[in-house]
Amino acid sequence: MTTTQTKPFDRKDGQLVLAHILFAFGALLIGGIAGMLQGMVKGGTITLPANIGYYELLTAHGVLMALIFTTYFIVGFLYSGVSQTLGGKLLPLTKKLGWIGYVLMSVGTLIGVVVILLGKASVLYTFYAPMKASPYFYIALALVVIGSWLSGFGIFYQYIQWKKSNKGKLSPLFGYMSVITMLLWQIATIGVALEVVVQLIPWSFGWVETVNVVLSRTLFWFFGHPLVYFWLLPAYICWYVIIPKIIGGKIFSDSLARMSFVLFLLFSIPVGFHHQLMEPGISHFWKYLQVVLTFMVVIPSLMTAFSLFATFELNGRSKGAKGLFGWVKVLPWKDVRFFAPFMGMLIFIPAGAGGLVNASNQMNAVVHNTLWVTGHFHLTVATSVALTFFGIVYWLIPVVTGRVLTPRMNRLGIIQTLIWCIGMFFMSGSMHTVGLLGSPRRTAYNTYDDHPDAVLWMPYHVAMAIGGIILFVGVVLIIYNIISLMRAPKGETEYPIGEVSEGSEPTPRFLENWKLWITLTVILIVIAYSIPIIDLIGNTTPGSPGYVTW
Amino acid sequence: MHMHKLEKMWLGIGVSMLAVFLVVLGVMTFSQGIAPPNEHVHHIDPTKVNETAPFDKPELKQIGDNEYEAVMVAYAFGYDPMEPMEVPAGATVHFKVTSSDVVHGFEIPGTNVNVMVTPGEVSQVTHTFNKPGEYLILCNEYCGIAHEMMKTTLVVK
């Protein structure tokens with residue numbers, strides 16, 4: 001692979017990045033074991049030993065995969081790019097915030113996992129009230145969120161300092177995108193922080209008797225939908241900034257890349273009601289308004305698709321590719337750093353189309369809370385995002401540890417990618433199909449007294465389990481690859497940061513006008529949420545006491 | 001901000017399709033009433049469901065010519081009324097459901113009946129059952145250890 005004599009990555013920064021990446025993959029391994037076992041229970045192939053519950057495993061799987069794997073990986077990846085592009089190393093305060101954030105998140109994760117495994121919090125990662133978990137479960141989640149805030153502040157600080165010492169200059173694209181990603185995260189987590197700190201912790205300790213259920217769900221989904229964009233945007237950073245360099249091309253347009261990130265910031269938060277379309281207590285008008293706002297993210301998605309394929313085509317033609325699709329052949333298919341993220345991009349096309357179905361307010365009635373939804377996010381986050389993150393590891397670990405990727409590991413990486421795609425084809429494909437037939441999500445093995453509808457679902461559940469086992473092989477292989485990368489031959493690997501193509505126009509300055517974008521974000525949130533939330537707080541519905549139903 | 005001509009066309013087509021789609025969705029929602037279930041209908045004290053009418057007597061009752069109202073309570077882990085309900089083919093059933101404990105789901109596979117049942121609120125959904133058969137009613141929102149056992153049936157003759 002490419003080794004050049006550029007300035008090596010700061011070793012101390014590298015330790016912080018590596019600590020995050022390794023923790024993320026530790027969570028992936030444990031979450032993967034839980035996921036495979038669940039699949040086998042659901043498929044009717046095994047029964048768990050008496051003291052392990054299906055829903056305990058499901059809670060552990062969801063929390064470890066969706067919250068811990070992603071957040072750790074994202075913080076680690078963003079810190080690496082911030083160190084690389086915003087000044088060449090992390091400032092002392094940034095590094096300190098990064099480490100304190102890491103410790104807080106880790107303490108939170110450990111408490112959370114222990115509480116879940118003790119069976120005190122089988123409430124799944126959405127922890128819907130009035131199911132009442134141990135207060136320490138909510139405290140654990142709060143610690144994870146606060147830790148991630150500190151890491152976010154570190155990124156903002158580094159960016160602000162860079163702007164101060166580079167007055168009038170356009171910030172590097174990676175740094176800009178990291179700031180947007182963390183800004184999205186900070187704003188979105190306010191919702192879940194309010195839910196946990198103001199509503200759930202006092203209620204769970206017994207300091208207050210009851211909880212406003214619909215309000216808690218609304219605050220959760222204020223966070224729950226932007227959460228998926230928090231997973232997606234770092235993958236987009238890889239696609240926009242890293243991939244052009246890896247294929248030997250240029251970034252198609254700096255300004256369009258920034259514009260698409262701004263649109264994601266604006267339109268990923270005021271949309272949470274599309275997760276609550278099927279519930280009472282929220283009027284049609286507000287649901288429809290948020291459905292419209294949800295669909296606005298189609299625009300930056302179309303922009304991204306165009307930019308990426310423009311990069312591929314321009315690069316191919318500059319290498320002499322002929323014909324309408326000749327450029328496809330010259331892409332580096334045998335380079336895992338390209339191949340894994342590219343499969344992620346490709347799968348994002350059906351994944352996104354499924355998302356359009358979910359958000360449409362009538363079609364949602366067909367798929368709501370069925371396995372279709374589970375199939376959907378196993379394509380988006382567990383394939384598009386996860387494969388991109390896997391692809392990043394093959395150069396990021398060598399960069400931060402001063403090593404090089406060997407051809408053998410590259411080949412294992414390609415195999416890992418293929419295993420993942422095959423496993424997901426079986427698992428997510430069956431989930432989508434059986435979801436359309438009505439099979440509910442988050443439900444242990446049962447044939448509903450052999451009801452003909454439910455019996456018909458069984459072969460699909462078995463196919464899901466087979467997919468899950470294949471995916472677990474993929475998890476084991478990526479863990480093996482990471483261990484091998486840690487022991488790869490010494491050498492310097494260049495941090496792949498793409499450059500903007502010469503033909504592209506200068507980036508307009510308003511794209512870095514943060515006051516403008518934050519104000520617009522807040523205005524959209526106020527329009528979409530203020531009246532319904534005032535309504536929910538002011539209504540006379542008596543609250544609910546807590547229940548432990550597991 | 002400069003955009004490539006092809007990109008303008010690409011976005012133009014995409015955005016126009018989106019606009020048409022959203023207009024159709026809006027017209028269907030507001031003028032034809034093909035909307036997601038239930039506005040805010042009324043509140044109920046979730047701790048007093050069993051003593052609040054009509055939920056003190058969950059039952060299926062005929063309210064018109066082949067038209068029925070099913071008043072139901074979802075709880076961990078089942079639905080009241082417990083005995084299977086029976087309606088003739090072609091019957092329109094108005095379901096009125098609330099929860100006496102945690103959040104539940106209310107789904108009838110093979111139909112578009114699929115609503116959340118949240119404590120403190122009453123979920124309403126209507127369906128016309130044209131095809132005879134035994135319809136499964138199940139909970140599709142995780143509600144506790146025996147969530148997968150939570151079901152009842154509706155028989156259409």
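The values are calculated or read from the model by the stated rules, or taken from the named source; none is laboratory data. Quick caveat: nothing in here was measured; it's all calculated off a predicted structure. Note: ideal-geometry Cβ built from the backbone for every residue, glycine included; neighbour counts use all protein chains shown.
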Taking B:Val73 as the residue in question, decide whether it is within 12 Å of another protein chain (Cβ to nearest Cβ), buried (at least 18 other Cβ atoms within 10 Å of the Cβ), modelled with pLDDT of 95 or more and under 18 Å from the mean Cα position of the chain (by Cα).
no
How do the pairs read when you match residues in the stretch A:273-298 that are of a type in the set (Ser, Thr, Tyr) with residues anywhere that are buried (at least 21 other Cβ atoms within 10 Å of the Cβ) and in a loop (DSSP other than H, G, I, E, B), using Cβ under 7 Å and keeping only pairs 6 or more apart or on different chains?
A:Tyr288/A:Asn361; A:Thr294/A:Val271
Return a yes/no flag: does the stretch A:328-340 have any residue that is closer than 24 Å to A:Ser430 by Cα and out of contact with any Pro (no Cβ under 7 Å at 6 or more places or on another chain).
yes
Could you give every pair whose Cβ atoms fall below 6 Å, whose first residue belongs to the stretch B:1-23 and is at the interface with chain A (Cβ under 7 Å from one of its Cβ atoms), and whose second residue is in a helix (DSSP H, G or I) and small (Gly, Ala, Ser), counting only separations of at least 6 or pairs across chains?
B:Met1/A:Ser255
Of the criteria (1) crowded, with 22+ Cβ neighbours inside 10 Å; (2) assigned to a loop (DSSP other than H, G, I, E, B), which one A:Thr45 fails:
(1)
Close pairs from the stretch A:52-64: first more than 10 Å from chain B (Cβ to nearest Cβ), partner of a type in the set (Val, Ile, Thr) and surrounded by fewer than 22 Cβ atoms within 10 Å (Cβ to Cβ), Cβ under 8 Å, at least 6 apart
A:Leu57/A:Val41; A:Ala60/A:Ile30; A:Ala60/A:Val113; A:Gly62/A:Thr126; A:Val63/A:Val113; A:Leu64/A:Ile30; A:Leu64/A:Val113
Of the conditions (1) more than 16 Å from A:Met36 (Cα to Cα); (2) out of contact with any Asp or Glu (no Cβ under 8 Å at 6 or more places or on another chain); (3) within 14 Å of chain B (Cβ to nearest Cβ), the single one that A:Arg441 does not satisfy is (1)
Would a scan of the stretch B:80-95 turn up a residue that is touching an Asp or Glu at 6+ places or on another chain (Cβ under 7 Å), away from every other protein chain (no Cβ under 14 Å) and within 26 Å of B:Asp45 (Cβ to Cβ)?
yes
Per the list (1) of a type outside the set (A, V, I, L, M); (2) in contact with a strand residue (DSSP E or B) (Cβ under 6 Å, 6 or more places away or on another chain); (3) part of a helix (DSSP H, G or I), residue check on A:Glu279 breaks on (3)
For A:Met296, which of the numbered conditions (1) under 23 Å from B:Leu6 (Cβ atoms); (2) at the interface with chain B (Cβ under 9 Å from one of its Cβ atoms); (3) surrounded by 22 or more Cβ atoms within 10 Å (Cβ to Cβ); (4) among the hydrophobic types (A, V, I, L, M, F, W, C) fails to hold?
(3)
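Determine whether the stretch A:193-211 contains at least one residue that is more than 30 Å from A:Pro332 (Cα to Cα), without any contact (Cβ under 8 Å) to a residue 60 or more places away in the chain and buried (at least 23 other Cβ atoms within 10 Å of the Cβ). Quick ask: steps written out before the conclusion?
Let us first name the residues in the stretch A:193-211 that are more than 30 Å from A:Pro332 (Cα to Cα), namely A:193-211.
So of that shortlist, the ones also without any contact (Cβ under 8 Å) to a residue 60 or more places away in the chain come out as A:193-198, A:202, A:206-208.
Then drop every residue that is not buried (at least 23 other Cβ atoms within 10 Å of the Cβ), which leaves A:195-196.
Taking every residue of the stretch A:193-211 in turn, at least one turns out to be more than 30 Å from A:Pro332 (Cα to Cα), without any contact (Cβ under 8 Å) to a residue 60 or more places away in the chain and buried (at least 23 other Cβ atoms within 10 Å of the Cβ).
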Selection status of A:Leu536, within 14 Å of another protein chain (Cβ to nearest Cβ), surrounded by 17 or more Cβ atoms within 10 Å (Cβ to Cβ) and assigned to a helix (DSSP H, G or I)
yes
Collect the residues in the stretch A:265-276 that are more than 18 Å from A:Met182 (Cα to Cα) and in a helix (DSSP H, G or I), keeping them in residue-number order.
A:Gly272, A:Phe273, A:His274, A:His275
Looking at the stretch A:478-500, can you tell me whether even one residue there is assigned to a helix (DSSP H, G or I) and basic (Lys, Arg)?
no
From the options A:Ala140, A:Ala121, A:Ala129, A:Ala133, residue that is within 14 Å of chain B (Cβ to nearest Cβ), under 29 Å from A:Glu56 (Cβ atoms) and at pLDDT 95 or above
A:Ala133
Could you tell me whether any residue of the stretch B:43-58 is more than 9 Å from every other protein chain (Cβ to nearest Cβ), in contact with a strand residue (DSSP E or B) (Cβ under 8 Å, 6 or more places away or on another chain) and among the hydroxyl-bearing types (Ser, Thr, Tyr)?
no
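Quick check, is A:Gly355 closer than 29 Å to A:Leu289 by Cα, at pLDDT below 95 and away from chain B (no Cβ under 13 Å)? It would help to see each step written out before you state the result.
On the way: closer than 29 Å to A:Leu289 by Cα: yes; at pLDDT below 95: yes; away from chain B (no Cβ under 13 Å): yes.
Yes; evaluated as a whole, the condition is true for this residue.
Yes/no per residue for (1) within 24 Å of A:Gly435 (Cβ to Cβ); (2) surrounded by 18 or more Cβ atoms within 10 Å (Cβ to Cβ):
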site	(1), (2)
B:Phe77	yes, yes
B:Ala91	no, yes
B:Phe129	yes, yes
B:Pro132	no, no
B:Cys139	yes, yes
B:Glu148	yes, yes
B:Thr153	yes, yes
B:Lys157	no, no
Kindly check whether there is at least one residue in the stretch A:446-461 that is over 23 Å from the mean Cα position of the chain (by Cα), more than 22 Å from A:Ile33 (Cα to Cα) and hydroxyl-bearing (Ser, Thr, Tyr).
yes
Would a scan of the stretch B:132-146 turn up a residue that is at the interface with chain A (Cβ under 7 Å from one of its Cβ atoms), out of contact with any strand residue (DSSP E or B) (no Cβ under 9 Å at 6 or more places or on another chain) and under 22 Å from A:Asn369 (Cα atoms)?
yes
So which residues in the stretch A:266-287 are buried (at least 20 other Cβ atoms within 10 Å of the Cβ) and within 8 Å of another protein chain (Cβ to nearest Cβ)?
A:Gln276, A:Leu277, A:Met278, A:Glu279, A:Pro280, A:Gly281, A:Ile282, A:Lys287
